[in-house]
Every structure is written in C-alpha cells, then in structure tokens.
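S.K.: I'd like to ask you about the structure that follows.
Each reported figure results from applying straightforward, stated rules to the coordinates on display, with no laboratory input. Treat the numbers as computed from the prediction; the structure is a model and nothing was measured. Ideal geometry is used to build each Cβ from the backbone, glycine not excepted, and the neighbour counts take in all protein chains shown.
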Amino acid sequence: MSDPLLPQFISRLQKNDRHCRKLARRQELDCFRVYDRDLPEFPFTIDRYADQLLISHYLRPVEPESRMADLPSCLAAISQALEVPGEALHVRERKTKGDPTQQYQKLAEDKQLLIVREGGLRFYVNLTDYLDTGLFLDHRTTRERFRDLSRDKRVLNLFCYTGAFSVYAADGGARSIVSVDLSNTYLNWAQRNMALNRLFDPALHEFCRSDVMQYLQNANPNSFDLVILDPPTFSNSKAMQGNFDVQRDHPTLINQTLRVLEAGGLLYFSTNCRKFKLDRAAIKADFVKDITNQTIPFDFQGRMQRWCYAIKKPAP
C-alpha cells in the first residue's frame with residue numbers, strides 16, 4: 001500500500017461500515033451502501049449485499065497521475081477494511097458521463113443469483129451479469145412508503161424492472177397489481193421475486209410485456225388507484241416506437257398515466273436524471289409534491305441525485 005492516502009481510505013470505510021451496519025440491523029437489511037466517493041482520490045461506490053460487495057469504479061477525465069487511484073491497492077484496502085475476501089468483490093467500471101442506458105447492458109452470463117433481505121422481504125440480485133444488480137438500494141424508503149399505501153388498491157408498476165415495488169405492494173395487501181416492462185428477462189425476474197416471498201397469485205398479479213406508452217394508450221381510464229412510474233433517463237430500445245427522453249417526454253408520460261388513474265388516485269413519479277426539471281405547468285394535476293427528501297434512505301443521505309414526486313389525479 002504505497003499510496004499515503006490509503007490509511008485514510010481504510011479508516012473512512014471502517015467508520016462508514018460500522019455506522020451503516022448498526023442502522024441496517026435495526027431495519028433488518030443486509031444490503032446497503034457503505035461508501036459513495038467520499039474521498040476524491042478514491043472514486044468508488046461500494047454496496048454491501050450480505051457477505052459480498054459491489055464496487056463501482058468511476059472513470060474520470062484524465063488527471064495528474066498523482067491523483068489517480070491504483071485499483072489493485074484500493075481493492076486490497078477495501079477487502080481489508082470491510083473484512084470481505086477478494087473473491088467476494090465484484091468490480092464494475094462506470095463512466096461519470098456517457099450513455100445513460102449503460103446500466104442495462106449485459107456484461108456476463110454467469111446467472112449467479114444471491115438472495116438478500118430488505119423490509120422483511122427477500123429479493124434475488126445478480127452481482128456479475130449487469131452493471132446494476134436488480135435492486136436499486138436508493139429506493140428502499142420509497143418502496144416502504146408505497147407498501148404502506150397499497151392496501152386494497154389496484155396498483156400499476158410501470159417500467160417495473162425486477163418488480164421490487166410490486167413485491168412490496170403485494171406484501172402491503174394490494175387488491176391487484178399490474179407490472180409492465182419491455183424485457184422478458186426482467187418480467188421473469190419480477191415473477192421469481194414475487195414467488196420467493198410466497199406472494200405470487202396469477203389471479204391478482206399480471207406481468208405485461210409492453211412499451212409503457214403503448215400500454216397506457218390502450219389501458220382503460222380510471223383502472224388504477226396507485227401507480228409507480230420510474231422511467232429510464234433515456235431509451236432507444238428497438239421494441240419501442242421512437243426513443244424516450246425523460247426531460248422531454250415526462251409531461252406526456254405523466255398525463256397519460258393520470259388518465260388511467262381513478263379520481264383521487266396517487267402517482268409516484270421518480271427519475272435519476274440529475275438535471276431534471278419538472279414541467280409543472282404541463283401536468284394536469286392540482287396536487288404535485290416534491291417528496292425527494294422523504295424518500296432518501298440513511299445510506300444515501302446527502303449523496304442522492306434523483307427526484308421523486310407525489311402526484312394526485314384531481315376529482316372530476
């Protein structure tokens with residue numbers, strides 16, 4: 001460990017881990033963020049998934065060589081500080097700027113699934129095949145709020161990914177749940193997550209492969225009471241009609257979603273587009289509340305760059 005800053009890095013990791021473990025035990029979690037680029041010389045995020053770590057190394061523009069972290073030494077320091085063996089470290093390279101759809105690109109075909117706990121539920125995650133794991137840790141608190149709202153509700157989960165919001169809604173006693181995504185891989189994953197928690201009922205839970213805009217155009221009005229809408233920042237999937245840009249297209253998407261909501265129904269809209277600005281005037285709702293700060297978990301406080309809004313459909 002020749003880098004004189006490595007001891008400082010190790011100390012920070014150990015301090016963060018002690019703090020997060022204490023809070024995670026209280027909340028019965030075994031997946032949480034330990035480190036998020038706290039020190040500029042060490043541009044990593046580190047997420048703990050049970051006894052394994054997902055380490056994202058953020059590639060920066062060219063800097064003086066004295067400022068560039070030595071990756072093997074850093075990984076050895078992470079292994080030492082967090083007491084996780086080297087074979088349980090899963091490293092990803094990410095770009096600080098670039099293709100916003102990169103998290104969905106496949107990296108491997110290992111298909112090794114790990115079961116983790118969150119909110120009294122269990123989820124399959126994959127630490128090898130994609131940049132993201134199948135469970136977005138930053139929405140843990142949002143999912144808890146969503147569960148609390150779900151009892152006896154007709155729930156719609158758009159861009160459902162691996163269905164974590166659907167599992168929470170089922171656990172909260174939703175009357176019915178429709179989960180929509182373009183990817184059969186993710187829909188199958190969502191069904192496995194539901195079955196893992198012994199919540200899957202084919203009579204109540206529908207998994208629909210569709211472009212979200214097409215689904216909304218074809219759905220009957222006033223069909224749902226509660227919706228989660230967490231679209232990608234950008235998408236140009238071949239299965240879509242045209243491309244999608246959340247800044248440009250969010251008013252149309254939100255208004256189409258409000259059409260399928262019952263009067264007085266609630267929509268949670270979220271985006272991780274860092275420079276996002278909500279076009280409030282274009283949204284056909286009287287109640288639009290920024291709930292971003294209320295939906296950020298303890299391990300993302302002061303680090304989160306995403307937005308979350310509660311939007312209610314007005315009465316006729």
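S.K.: Quick one: which residues, 5+ away or cross-chain, put their amide H under 5 Å from the amide H of residue 207? H built at 1.01 Å from N.
M.R.: 179
S.K.: Okay, moving on. Can you classify the range 169-308 as rounded, prolate or oblate using the Cα gyration tensor, where a ≥ b ≥ c are the square roots of its eigenvalues, rounded means a/c under 1.5, and otherwise it's prolate if a/b beats b/c and oblate if not?
M.R.: rounded
S.K.: So what is the 222 nm mean residue ellipticity for the chain from helices alone, if each DSSP H run of at least 4 adds -39500 (n - 2.57) and you divide by all residues, rounding to the nearest 500 deg cm²/dmol?
M.R.: -8500 deg cm²/dmol, from helical runs alone.
S.K.: Okay, moving on. When the label point is put 7 Å from the Cα of residue 21 along its Cα-to-beta-carbon vector, which residues of the range 75-91 have a backbone N closer than 20 Å?
M.R.: The answer is 75-90, whose backbone nitrogens lie closer than 20 Å to the label point.
S.K.: I've got another one for you. For a label point 7 Å from the Cα of residue 197 along Cα→C-beta, name the residues of the range 294-316 whose backbone N is under 19 Å from it.
M.R.: 295-298, by backbone N distance to the label point.
S.K.: Let me ask something else about it. Expressed in nm to one decimal, what extension gain is obtained for the pair residue 128 and residue 288 from 0.36 nm per residue of sequence separation less their Cα-Cα distance?
M.R.: On the way: separation 160, 0.36 × 160 = 57.60 nm, distance 3.86 nm.
Length gained between residue 128 and residue 288: 53.7 nm.
S.K.: For the chain, what proportion of DSSP beta bridges, expressed in % and rounded to the nearest 5, is antiparallel? Numbers along the way, then the final one.
M.R.: Numbers: 30 of 56 bridges.
The answer is about 55 percent antiparallel.
S.K.: Hey, another quick one. Which whole-Hz ³J(HN,Hα) couplings does the range 279-288 yield from phi under the Karplus relation 6.51 cos²θ - 1.76 cosθ + 1.60, θ = phi - 60°, glycine and proline marked x?
M.R.: Once θ is set to phi - 60°, the couplings for the range 279-288 become 8, 4, 5, 8, 9, 8, 8, 7, 10, 9 Hz.
S.K.: Also, I was wondering about something else. Rounded, prolate or oblate, given the Cα gyration tensor of the chain, with a/c below 1.5 counting as rounded?
M.R.: Verdict is prolate for the chain.
S.K.: OK, next. Taking 25 Å as the cut-off for C-alpha to C-alpha distance, list the pairs among 153/289; 15/111; 277/313; 22/289 that go past it.
M.R.: Numbers: 153/289 21 Å; 15/111 33 Å; 277/313 20 Å; 22/289 32 Å.
Beyond 25 Å: 15/111; 22/289.
S.K.: Can you bin the range 6-98 into rounded, prolate or oblate? Criterion: square roots of the alpha carbon gyration tensor eigenvalues sorted a ≥ b ≥ c, rounded for a/c under 1.5, prolate for a/b above b/c, oblate for the rest.
M.R.: Values: a/c = 1.86, a/b = 1.69, b/c = 1.10.
Prolate, because a/c is 1.5 or more and a/b exceeds b/c.
S.K.: Rank the residues 42, 165, 234, 136 as a footprinting-exposure proxy: fewest other Cβ atoms within 10 Å of their Cβ go first.
M.R.: Taking fewest neighbouring Cβ atoms as first place, the list is 234, 136, 42, 165.
S.K.: Would you mind ranking 258, 89 by Cβ crowding within 10 Å, fewest neighbours first? Please report the intermediate quantities before stating the final value.
M.R.: Numbers: 258 21, 89 18.
If I rank by nearby Cβ atoms, fewest first, I get 89, 258.
S.K.: Mean Kyte-Doolittle of at least -1.0 and a Cα length of 15 Å or more along the axis: which whole DSSP H helices of the chain meet both?
M.R.: Working: long enough: 6-27 (31 Å, -1.38); 71-82 (16 Å, 1.42); 184-196 (18 Å, -0.64); 246-260 (21 Å, -0.58).
Going by DSSP H runs, the hits are 71-82, 184-196, 246-260.
S.K.: Which residues' amide hydrogens lie under 5 Å from the amide hydrogen of residue 292, considering only partners 5 or more residues apart or on another chain, with H built in the peptide plane?
M.R.: Amide H neighbours of residue 292: 308.
S.K.: Of the DSSP beta bridges with both residues in the range 6-98, give the percent that are antiparallel, rounding to the nearest 5. Before the final figure, lay out each step's value.
M.R.: Values: 11 of 18 bridges.
Roughly 60 percent of the beta bridges in the range 6-98 run antiparallel, per DSSP.
S.K.: Taking the Cα centre of the chain as the origin, how large is its charge dipole in debye, to the nearest 20, when only Lys and Arg (+1) and Asp and Glu (-1) carry charge on their Cβ atoms?
M.R.: 840 debye
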